[in-house]
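What follows draws every value from the coordinates through simple rules; no lab data is involved. Bear in mind the structure is a predicted one, so any value in this text is a computation, not a measurement. Don't worry about glycine lacking a Cβ; one is built from the backbone with ideal geometry, like all the others, and counts go over all protein chains shown.
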Amino acid sequence: MKKFSKFLSLGLAAIMGASVLVGCAPEEGLTKVRLNEVTRSVFFAPLYASINLGYFAEEGLELELTTGQGADKVMTALLSGQADIGFMGPEATIYVYNQGQEDYVVNFAQLTKRDGSFLVAREPNPDFSWEDVRGTSIIGGRRGGMPLMTLEYVLKKHGIMPGEDVEVLTHIQFPLMAGAFTGGEGDYVTLFEPVATKVELEGGGFVVASVGKDSGEIPYTVFSARKSLLANNPELIQKFTNAIYRGQVWVTENKPEEIARVISPSFPDADEVMLANAVRRYKEIDAWAATPIFTEEAFERLQNIMETAGELDKRAPYGNLVTNKFALRATELLP
């Protein structure tokens, strides 16, 4: 919790690391909803499928999408009123709740169920085992964030203690991790797709392991909103959840090549071959939740990982921070 308070003091000027506006002009009859996503990644393919297939528009919503570049930035946007809905790791909602925020942030729809990062090495290693990182350094992400906590959870699971058996670098900002690695820092780096594939294609590194495959199922990224918005505008949240569920179903039913074609407008700098490869990797590790329902078992597993990482002072109640009302309704409406 103390780690989370640090970014709140950074001020609201640094909320957006990058932004993308979906829809150039307001469409008549649509309700605008401002969504701030943690980063732009193929890992979130069901979201981009919902956007590009028109599911939000069909629900009567015009989505304004911004990219915060970190759960801390997304949460700051929510708390400052610059976003209606945040898409991030649910750990941020626990930090805020434990700080005593009255109008705290509640998780209402889950999108991914595993860590979406891949371990990238400087040389190919088809026989990689986690023992290979002993005595090396890994660029691991921001302290208190899900990518770092999950990586450290996997390392400890394999008997490798961060700070003792391996150096985990936490001083490099998330969007700069790939560049730092290809620039010579660290022996390994954890990267999301399509960045991992891009680094491979450019000869800057080689994917040797999936962090998510080794960590097991975790409620990694979810959609969240302030308690007051859920109470005052439930219709908007229901429509949003309906669109997300339709995207989840569509991605489950389609092949990587078709998914790559549909999500490609969200990745103008990546070709469809690269995107298909990235989608395939996520399909292989079963990264996406089949429905938006966020279970209590998953929430408690998340808190176990946070405790193991030394980032949780007090466990938060599932009943306060998670609602499945909208997710359950979506699955009933759209079986």
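Taking other C-beta atoms within 10 Å as the exposure proxy, Ser215, Ser80 rank Ser80, Ser215 from fewest upward. Sorting the segments 116-123, 254-261, 71-78 by their mean number of nearby beta carbons within 10 angstrom, highest to lowest, gives 71-78, 116-123, 254-261. What number, rounded to the nearest 500 deg cm²/dmol, is the helix-based mean residue ellipticity at 222 nm of the chain, given -39500 (n - 2.57) per DSSP H run of at least four residues and division by all its residues? Result for the chain, helices only: -11500 deg cm²/dmol.
In this structure, the pairs whose alpha-carbon distance is over 28 Å, taken from Lys73/Lys255; Lys157/Lys227; Lys113/Lys325; Lys32/Lys227; Lys32/Lys73, are Lys73/Lys255; Lys157/Lys227. Between Glu131 and Leu334, residue separation times 0.36 nm minus the direct Cα-Cα distance comes to 68.5 nm.
Can you give the % of DSSP beta bridges in region 118-215 that are antiparallel, to the nearest 5? The partial results should precede the final answer.
On the way: 8 of 14 bridges.
Around 55 percent of the beta bridges assigned by DSSP in region 118-215 are antiparallel ones.
Karplus-based coupling profile of region 190-207, in residue order and whole Hz: 9, 9, 8, 8, x, 4, 4, 5, 4, 4, 4, 4, 8, x, x, x, 9, 5, with θ = phi - 60° in 6.51 cos²θ - 1.76 cosθ + 1.60 and x standing for Gly or Pro.
The modelled label-to-label distance for the pair Glu123/Lys157, using points 7 Å beyond Cα in the direction of Cβ, is 2.7 nm.
Here the spin labels are modelled as points 7 Å beyond Cα on the Cα-Cβ line, and at Val273 and Thr295 they lie 4.0 nm apart. Spin-label model, Leu30/Ser228: points 7 Å from Cα along the beta carbon direction are separated by 2.7 nm.
Averaging the sequence gap over all C-alpha pairs within less than 8 Å and six or more residues apart, then dividing by the number of residues, gives the chain a relative contact order of 26 percent. For Thr112, nonlocal amide neighbours, meaning residues 5 or more places apart or on other chains whose placed amide H falls under 5 Å from its own, are Tyr220, Thr221, Ala289.
How big is the antiparallel share of DSSP beta bridges in the chain, given as a percent to the nearest 5? Walk me through the numbers before you get to the answer.
On the way: 20 of 37 bridges.
Once the DSSP bridges in the chain are tallied, antiparallel ones form about 55 percent.
Within the chain, the proportion of C-alpha pairs whose separation exceeds 25 Å stands at 48%.
Might you report the magnitude of the Cβ-based charge dipole of the chain about its Cα centre, with Lys and Arg at +1 and Asp and Glu at -1, to the nearest 20 debye?
Details: 31 positive and 44 negative charges, 142 e Å.
It comes to approximately 680 debye.
When Lys and Arg each count +1 and Asp and Glu each count -1, what net charge do the other residues less than 14 Å away from Phe108, Cβ to Cβ, add up to? Mind showing how you got there, number by number?
Values: positive: Arg226, Lys227, Lys239, Lys325, Arg329; negative: Asp84, Glu235.
Combined, the nearby Lys, Arg, Asp and Glu give +3.
Full extension of the chain between Thr182 and Gln99 gives 26.1 nm of extra length, using 0.36 nm per residue less the Cα-Cα distance.
Taking Cα atoms, how many degrees apart are the long axis of helix 296-308 and the longest axis of the chain, rounded to 10 and kept between 0 and 90? It is inclined by approximately 40 degrees.
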